[in-house]
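Before any comments, here is the structure.
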Amino acid sequence: MFEIELRKFDWPQMECGCGESAGHLPGMIAELMALEQDHGHGEAFSTSLHGHVLTGADGLVAVSSAFLAVAMAALTGKLSEPARRETLGMILRVLGSATSVESIGGSESAFAAECIDAARQGKWLLYAEVVYGTSPAGTAYGFESLILIEQDKKRLRAVQAAAADRLPWDLKAEEI
């Protein structure tokens, strides 16, 4: 699914977070998905995508929602723990930016709505990560992402209770 979704977008026609055309981004995303098991040794957010999927100041750009669609598709496949962790970390980072500007207006607001929509379309993958994921960081990133996008708070509270032994203390205690 990852490759199909990746090919769906006209990357060279989109603006990248680095200010250039996003034509170079598919290769960078593919590198993320191919991370080896020993990458990062449990560190969070060590991917080089930050200045491309978002601006250096965490601003949304045209490729932000495309990245989310591709990242969600990648979660359907077999990823190493570091690739899964980093993918979920970038999803959270993009959604954090999207939910903080959603109601401001302008092009960034439109990008935010597209990002939230892309994530909501794949929210069951985030739920699966929370309940069945193998990475503690990935579980936390998945749950934090759901906090940002899930409209059904009753479902979110139920999953929080069911996955309490998998969540870090701060997310167990998060008031939803």
>> Counting other beta carbons within 10 Å of each residue's own, what order do 124, 169, 11 fall into, fewest first?
In response: 169, 124, 11
>> From the phi angles alone, apply the Karplus equation (6.51, -1.76, 1.60; θ = phi - 60°) to segment 113-127 and give each ³J(HN,Hα) in whole Hz, x where the residue is Gly or Pro.
In response: 4, 5, 5, 5, 4, 4, 5, 5, 5, x, 4, 5, 5, 5, 4
>> Regarding the chain, what's the average projected area of the Cα-atom convex hull, expressed in nm²?
In response: 9.6 nm²
>> When a/c reaches 1.5 or more, the comparison of a/b and b/c decides; with that in mind, is segment 47-105 rounded, prolate or oblate per its Cα gyration tensor?
In response: prolate
> What shape does segment 96-176 have by the C-alpha gyration tensor, where a ≥ b ≥ c are the square roots of the eigenvalues, rounded means a/c under 1.5, and otherwise prolate means a/b greater than b/c and oblate the rest?
Replying inline: prolate
>> Angle check, please: helix 81-101 long axis (alpha carbons) against the longest principal axis of the chain (alpha carbons), in degrees 0 to 90, nearest 10.
In response: 80 degrees
> Measuring from centroid to centroid over Cα atoms, what is the spacing of segment 101-176 and segment 1-22 in Å?
Replying inline: 24 Å
> Mind checking which lysines have their C-alpha under 25 Å from residue 172, skipping anything on the same chain fewer than 8 residues away?
Replying inline: 123, 153, 154
> Once you put a point 7 Å from the Cα of residue 117 and another 7 Å from the Cα of residue 20, both along the Cβ direction, what distance in nm separates them?
Replying inline: 3.0 nm
>> From the phi angles alone, apply the Karplus equation (6.51, -1.76, 1.60; θ = phi - 60°) to segment 25-32 and give each ³J(HN,Hα) in whole Hz, x where the residue is Gly or Pro.
In response: 5, x, x, 5, 5, 4, 4, 4
> Which residues in segment 125-142 place their backbone N less than 17 Å from a point set 7 Å from the Cα of residue 158 along the Cα-to-Cβ direction?
Replying inline: 125-132
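List the longest stretch of the chain that has no exposed loop site; here a site is one of the GluC sites (Glu not before Pro) assigned by DSSP to anything other than H, G, I, E or B, with at most 14 other Cβ within 10 Å. Don't skip to the answer; put the middle values down first.
Details: sites that count: 20, 36, 43, 175.
In the chain, the maximal stretch lacking such sites is 44-174.
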> Exposure proxy check: 141, 127 ranked by fewest other beta carbons within 10 Å?
Replying inline: 127, 141
>> With θ taken as phi - 60° and the coefficients 6.51, -1.76 and 1.60, list the Karplus ³J(HN,Hα) couplings across segment 13-18 in order, rounded to whole Hz; mark glycine and proline as x.
In response: 8, 9, 7, 8, x, 7
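Length gain on complete extension for the stretch residue 58 to residue 1, per 0.36 nm per residue less the alpha carbon to alpha carbon distance? Could you put the intermediate results ahead of the total?
Numbers: separation 57, 0.36 × 57 = 20.52 nm, distance 2.72 nm.
Taking 0.36 nm per residue and subtracting the Cα distance, the gain is 17.8 nm.
Quick note: the coordinates plus some simple rules give every number you see, no bench work behind them. Predicted model only: the values in this text are computed from it and were never measured. Every residue, glycine among them, receives a Cβ derived from its backbone with ideal geometry; neighbour counts consider all protein chains shown.
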